[in-house]
1. On the phi > 0 side of the Ramachandran plot and modelled with pLDDT of 95 or more: does that describe A:G112?
2. Go through (1) in a loop (DSSP other than H, G, I, E, B); (2) in contact with a Gly (Cβ under 8 Å, 6 or more places away or on another chain) for B:I526 and report which single condition fails.
3. Before we move on, is B:A495 assigned by TED's automatic domain parsing to the domain that holds B:G539, open to solvent by less than 10 Å² (accessible area, probe 1.4 Å) and either within 16 Å of the ligand (Cβ to nearest atom) or touching a residue at least 40 places away in the same chain (Cβ under 8 Å) (or both)?
4. B:E481 fails exactly one of the following numbered conditions: (1) in a loop (DSSP other than H, G, I, E, B); (2) touching a helix residue (DSSP H, G or I) at 6+ places or on another chain (Cβ under 7 Å); (3) within 15 Å of the ligand (Cβ to nearest atom). What is the number of that condition?
5. Just to be sure, is B:E110 under 16 Å from B:H9 (Cα atoms) and open to solvent by 20 Å² or more (accessible area, probe 1.4 Å)?
6. Within 18 Å of the chain's Cα centre (by Cα) and farther than 23 Å from B:P328 by Cα, is that true of B:G407?
7. Need pairs with beta-carbon distance below 7 Å; first residue closer than 20 Å to B:V467 by Cβ and within segment B:403-430, second within 13 Å of the ligand (Cβ to nearest atom) and among the basic types (K, R); sequence gap 6+ or separate chains.
8. Restricting the search to segment A:65-104, which residues are small (G, A, S) and either in contact with an Asp or Glu (Cβ under 8 Å, 6 or more places away or on another chain) or at pLDDT below 95 (or both)?
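The values are calculated or read from the model by the stated rules, or taken from the named source; none is laboratory data. Keep in mind that what you see is a predicted model, and the values were worked out from it rather than measured. All Cβ positions, even for glycine, are placed from backbone atoms using ideal geometry, and neighbour counts span all protein chains on display. With ligands, DNA and RNA removed, areas are computed over all heavy atoms of the protein, side chains included. Shrake-Rupley method; radii C 1.70, N 1.55, O 1.52, S 1.80 Å.
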Amino acid sequence: MPTLIKNGSLEHDRWTVLKEATGPEVLRAVPNKRFIVPLKFWKDYGQELSDYQGEIAIWLDSHENVSELGDALQTFPLIALNFPVFSDGRSYTNARELRENLHYSGEIRAIGDVLRDQLFYMSRCGFNAFALRHDQDVELCLQAFTDFSTGYQSSIAEPLPLFKRR
Amino acid sequence: MYQYDQYDHQMLAERVAQFRDQTDRYLDNKLSDSEFLPLRLQNGLYIQRLAPMLRIAVPYGLLSSRQLRKLAFIARHYDKGYGHFTTRQNIQFNWPALEDVPDLLAHLAEVEMHAIQTSGNCIRNTTTDQFAGAAVDELEDSRPYCEIIRQWSTFHPEFAYLPRKFKIAVCGTAIDQAATQVHDIGVYLIKGPDKVTGFRILAGGGLGRTPVIGQEVFEFVEKQHLLTALEAILRVYNREGRRDNKYKARIKILVKETGVDAFKAKVMAEWQKIKDGAQTLTEDEIQRCKSFFTDPAYLERSDNPEQLSQQLKQDALFQSWHSRNVHPHKQTGYAIVSVAFKETGVAPGDVTDTQLDYLADLADEYSFGEVRISHRQNVVFADVEQEKLFDLWQQLKRHSLASKNLGLLTDMICCPGGDFCALANAKSIPIAESIQRAFDNFDELTEIGELNINISGCMNACGHHHVGNIGILGVDKKGAEFYQISLGGSSRNEASLGKILGPAFAQDEIPAVIKTLVGVYKTNRIDNESFLATFQRIGMEPFKEKIYANAD
Ligand code: SF4
């Protein structure tokens, strides 16, 4: 299981990411769990699973747009955004969109190719939880959030741009 | 020039520390090649054919004498004694060792310089007219806005992993010297309705494999909306730009495939969400940035002083240098001086440590301690008293910097090409040199007049070959180096892209080909018509006929 950093410290991860799922029976077989399911799965079976005895969250791949979540957005305790490869920057925009325009205040979790050297920018775009790739040095990763003391532009972490603060 | 405050200094120091740590981890095998790659690129570091290459940012081309001296120091201590001015108003060093780069960056930070985002798939150095602030045809100085964009784009957390590199240019003059239309985003200062100054913004221009002129996305936005407008364009691009094919990943492809109207609609939708938000510029901030670019302490001088007229009359060499290298200045009694770094036998844009030191001295003595780098790889002294032009010229001569080929055929743009660049199909520097040798008669050059030759060693078009009046592109023909010629490109206001002449040539054929092309131009030109104007009038055929006549 990948290591989870949440709000700046290590945390035990109680969620399971469902990479792919054939149908709702997968979840029903294990009641009382917490699943992060793919967008398409939720679109297809969300309704059916509304009585599931456990919790359901959702994950979006980098090519998917958070606007597809519609009004259901606020019902998720957690939204995970995938980095298929660390150099794919689309999930930064999704995270920012969630916080800035859709006013989502739950957990936004980075999953996939999540590495030490991208954590700072991710945190500035609104991610507050990071499921690290298995080979990452946790101690080094915990230091990443202080790479820079501030930034020039308006961001989720610091809504006022530097020119309004200096 | 912009002065760092404690925030700028601190972030830069943090950046150096961050890169030092990343380099250590890489050398320690804790970071893989592919993971280190974008990190080093965003600090300007390429691994090239011979050694790493470090590209240092020169924001909008402006350098102080103190910075020039630091660059000279770096050329001496970390390189083989020279650097290279690029077509993006930056400077490159070809020989630093990877493990030295963090120290080198720390040296640069002392003089408020860095290599941040000079490479990689992020927002690059913003460029502008090398005459900004001194030009006669300027609506407003573009540099404060370049600085505003620089700060906004530096360490922008959302746009560090774009589909591809992203270049922004700003133009504040009537004659566009910044090739603004062929940038991913081109920003023009214009007067809008009610005569207030604001911006017209184009997107989707670019050179490279598929050259295109940018399309208008914002017809007019008021100044305070500059950053939100840029952010809206970037956001659409980050989300929707193609990531499946490196060659289709630039914003120009997205604009083309989406269609400009649909693209515009998407940008507007994004913009509505953030317009008037936190990133909206304040008058205070605009004034603050403007305060760094006020006029230097000009003295009261008159135009065309008697002494200068005498010197021009007496010295024909000075006169011919003056006619090509001295440009009008907005301030009475002052002039702008361009120094061409295009000596035959030296790669275009190459500059030695001694020359850098010397430029610094000259800047202090003649131009308020500043120089600018132009995208044509030349150096500009922007504020020289006309009375001192003769002195300056004599000083330049002493260091072989008084070449007067500015704007003429031998003032070429040339990328590093196969001698240095791992991506090259062919060498470009020897081509430039062979052309310079074929045209070594200055009278002939003056007689030919304004003619730009731009040379790139491959499709990536760092030498801007598409917008050269004559463009030369290195191509690979079954493993041999060949050169494709295009005609009619221009990066001025009516930017146009060159059209391909025909089959490519071998390296040793190029000087003769250029001679023939120039010959066709001279036979056909009317009065003082330039090469470009003649080409636009008579078209490709006469050139083609002459060049390939013998082949049939
Ligand atoms: S045009 Fe090609 S060969 Fe020349 S510097 Fe750019 S990538 Fe290298």
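1. Details: on the phi > 0 side of the Ramachandran plot: yes; modelled with pLDDT of 95 or more: yes.
For A:G112, the condition - on the phi > 0 side of the Ramachandran plot and modelled with pLDDT of 95 or more - is met.
2. Result: B:I526 fails condition (2) only.
3. Numbers: assigned by TED's automatic domain parsing to the domain that holds B:G539: yes; open to solvent by less than 10 Å² (accessible area, probe 1.4 Å): no; either within 16 Å of the ligand (Cβ to nearest atom) or touching a residue at least 40 places away in the same chain (Cβ under 8 Å) (or both): yes.
Judged against the criteria, B:A495 is not a match.
4. Going through (1) in a loop (DSSP other than H, G, I, E, B); (2) touching a helix residue (DSSP H, G or I) at 6+ places or on another chain (Cβ under 7 Å); (3) within 15 Å of the ligand (Cβ to nearest atom) one by one, B:E481 breaks only (1).
5. Values: under 16 Å from B:H9 (Cα atoms): yes; open to solvent by 20 Å² or more (accessible area, probe 1.4 Å): yes.
When the stated conditions are applied, B:E110 passes them.
6. Working: within 18 Å of the chain's Cα centre (by Cα): yes; farther than 23 Å from B:P328 by Cα: no.
Criteria not met by B:G407.
7. Sorted first by the residue in segment B:403-430, then by its partner, the pairs are B:G417/B:K427; B:C421/B:R49.
8. So the first thing to find is which residues in segment A:65-104 are small (G, A, S), and the list is A:67, A:70, A:72, A:80, A:87, A:89, A:91, A:95.
Answer for segment A:65-104, where residues must be small (G, A, S) and either in contact with an Asp or Glu (Cβ under 8 Å, 6 or more places away or on another chain) or at pLDDT below 95 (or both): A:S67, A:G70, A:A72, A:G89.
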